[in-house]
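Worksheet for the structure shown next.
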Amino acid sequence: MKKVATIAGSDASGGAGLEADLKTFAEYGVYGMAAVTLIATMDSSREWAHSVFPLDSSVLEHQLSTIFDGVGPDAVKTGMLGSAEAVSLSARFIRAHKTELYVLDPVMVCKGTNEALDPGLNALIAEQLLPLSLVVTPNLFEAGQLAGMPTPASLEEMKEAARRIHAMGAKHVFIKGGGKLAHATAAIDLFYDGRDFNQVEGALIDTRWTHGAGCTTAAAITAGLAQGLEPYEAVSRAKKFITLSLRESFALNAWVGPGNPSAWRKPFN
Ligand code: PXL
């Protein structure tokens, strides 16, 4: 069984973060491990306002040692890191263990929260983790931030961001969220390997319950890579996985709702 690790925050509501990653890993049939960087909680008496509780970096270091020195993951994903220490510790372990199948999900802010954007931390992620990544999976906002340009608003701007991010050291760039472009009639994501652009298309699903969709997509790519898929194949399969998941998305309460990561098990899929 392939062994896959996520280095990410815990989302106490279960829809995003390492909870989404582990559910996705289980659906793919890989063995999941998690190093927790922080714990995110949500307050139902304050319109689902998020609080973030970082863990001490020595706790993260012990978890990374358990996973990397003690087990040896076939593939690794990073999600919400939350601190400079978490970025540099992740980079240190990925480098020391020569982890080739590494997916960087450059989580910058949670959707629907007022959590502050931290440009210093994002610069550190770009400098230390981007060059180690086999695939980086920014959404439109994150792609703009990484590339040093406004949030892409057209396919051409997505291509420009992908070129810039590739030049910064990522081997493959997968920009998610093309369904958010003006007049989109399909959810068109963009894959770039440094030579060719490929549009990865799925049905545009009209739902506000998309909590954890980014985490789930990156986790699915990581699991697919561990199972031997080439990056483009892993991205294409992940796109199918998230599309089916979002087709069965549901509300947890008035504020938040995730997809259903088990949706693709159904025989009619
Ligand atoms: O969806 C981004 C995200 C990632 N990681 C954690 C989160 C969230 C959003 O809520 O809580 C831990």
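Given all pairs of different Cα atoms, what value in angstroms does the Kirkwood hydrodynamic radius of the chain take?
One over the average 1/r among Cα pairs gives 18.2 Å for the chain.
In nanometres, what is the gap between the two model label sites at His62 and Gln199, each 7 Å from Cα along Cα-to-Cβ?
Reported label-point gap for His62 and Gln199 is 5.1 nm.
Most exposed first by the Cβ proxy, i.e. fewest other Cβ within 10 Å, how do Ile67, Ile221, Ile242 rank?
The order, fewest Cβ neighbours first, is Ile67, Ile242, Ile221.
Counting other beta carbons within 10 Å of each residue's own, what order do Tyr102, Tyr192 fall into, fewest first?
Fewest-to-most Cβ neighbours within 10 Å comes out as Tyr192, Tyr102.
Considering only the chain, what is the antiparallel percent among its DSSP beta bridges, to the nearest 5?
45
What whole-number distance in Å separates the alpha-carbon centres of the stretch 22-78 and the stretch 167-199?
Taking the Cα centre of each part, the stretch 22-78 and the stretch 167-199 sit 26 Å apart.
Can you figure out the FRET efficiency of Ser45 with Thr207, using R₀ = 35 Å and their beta-carbon distance, to the nearest 0.05?
So, using R0 = 35 Å, E works out to roughly 0.85.
In the chain, once you exclude exposed trypsin sites (Lys or Arg not before Pro) (DSSP loop, at most 10 other Cβ within 10 angstrom), what's the longest stretch remaining? Before the final figure, lay out the partial values.
Details: sites that count: Lys98, Arg195.
Result, exposed sites excluded: 1-97.
Every number in this text was worked out from the coordinates using simple rules, so none of it is lab data. Everything quoted here is computed from the prediction, not taken from an experiment. In this analysis, Cβ positions are derived from the backbone assuming ideal geometry, glycine residues included, and neighbour counts consider all displayed protein chains.
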